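The values are calculated or read from the model by the stated rules, or taken from the named source; none is laboratory data. Here the structure is a predicted model, which is why all the values come from computation and not from measurement. Reconstructed Cβ throughout: ideal geometry from the backbone, glycine too, with neighbour counts over all protein chains shown.
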Amino acid sequence: MSSLTWITVVVAAAVAMAWLSSRPARAMPGPEPRRRRDGNEEPAPIDEAYSSPSRAPPMAPRPGAADPTRHPLGPALARAIDLAVPAPSPGEAVPYDTQEVKDVINTVLARVNGRSGLDLVLVSMDAVHKTVDRFKTLSYSADVVVYSKAKALGAKLTAAVDVTSRGTLYVKVLRVHGSARDSSGATPANADGGLEQYAPFTPAIRY
């Protein structure tokens, strides 16, 4: 083979390779849809060869946070709340004695224990507040940590208690700290309807 012929063959091969590499790659055909007896097409089955290799399996649902309204102590605490209490009156904050507040909370826990047998004991208190109104009614509120000997269970409670000038004790609020407000709890005995009223909605922009 002469040198001219050899050069011609090499140039032709190079041109052919360049033309083949410039052609777009043809996608591989997927599986053909099957036809049912009624003549309609049936979706083609998913083939692992055509599926995305980066597709990850579905993640398990994330467990939600514990619902404080379903605390084991919840029902027993609700039964200790008075369904009717004197109408609230504006009070003035006054100093309190720690033992005084403990006696009030222990009285409330004794009521719970007498109706449930939970054997609750007071562990600690914080966020204590005390007021007195014009009728000499003392109002106590506090966050208390209690422990149930019967259930070997501890919990932080929110409590609000009124003590009248005659020494009558009314439990207005007693629930697991952070739980939703119990609408079936204490309502003023001589208030107007005893239901919470909300201000009417006023749009910020009027059209």
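Within region 161-179, does at least one residue satisfy the condition of being small (Gly, Ala, Ser), under 18 Å from Glu100 (Cβ atoms), at pLDDT 90 or above and surrounded by 14 or more Cβ atoms within 10 Å (Cβ to Cβ)? Within region 161-179 (the criterion being small (Gly, Ala, Ser), under 18 Å from Glu100 (Cβ atoms), at pLDDT 90 or above and surrounded by 14 or more Cβ atoms within 10 Å (Cβ to Cβ)), the answer is no, since none of the residues qualifies. In region 127-138, of all residues being within 32 Å of the chain's Cα centre (by Cα) and modelled with pLDDT of 95 or more, the one that is surrounded by the most Cβ atoms within 10 Å (Cβ to Cβ) corresponds to Lys130.
Among the residues of region 70-98, which ones are closer than 16 Å to Val121 by Cβ and without any contact (Cβ under 8 Å) to a residue 60 or more places away in the chain? Scanning region 70-98 gives a single hit, Ala76. The single residue among Pro75, Pro86, Pro68 that is at pLDDT 90 or above, surrounded by 10 or more Cβ atoms within 10 Å (Cβ to Cβ) and either basic (Lys, Arg) or touching a Ser or Thr at 6+ places or on another chain (Cβ under 9 Å) (or both) turns out to be Pro75. Selection within region 180-192: residues that are in contact with a helix residue (DSSP H, G or I) (Cβ under 9 Å, 6 or more places away or on another chain) and farther than 16 Å from Pro88 by Cα. The member of this set that is modelled with the highest pLDDT is Ala180.
Assessment of region 103-118 against the conditions (in contact with a Pro (Cβ under 9 Å, 6 or more places away or on another chain), assigned to a strand (DSSP E or B) and modelled with pLDDT under 95) yields no matching residue. Please name all residue pairs, on different chains or six or more residues apart, with Cβ atoms under 9 Å, provided the first residue is in region 102-128 and is farther than 15 Å from Tyr147 by Cβ and the second residue is among the hydroxyl-bearing types (Ser, Thr, Tyr). Going by the 9 Å Cβ cut-off, the qualifying pairs are Val104/Tyr140; Ala127/Ser141; Ala127/Thr158; Val128/Tyr96; Val128/Thr98; Val128/Tyr140; Val128/Ser141.
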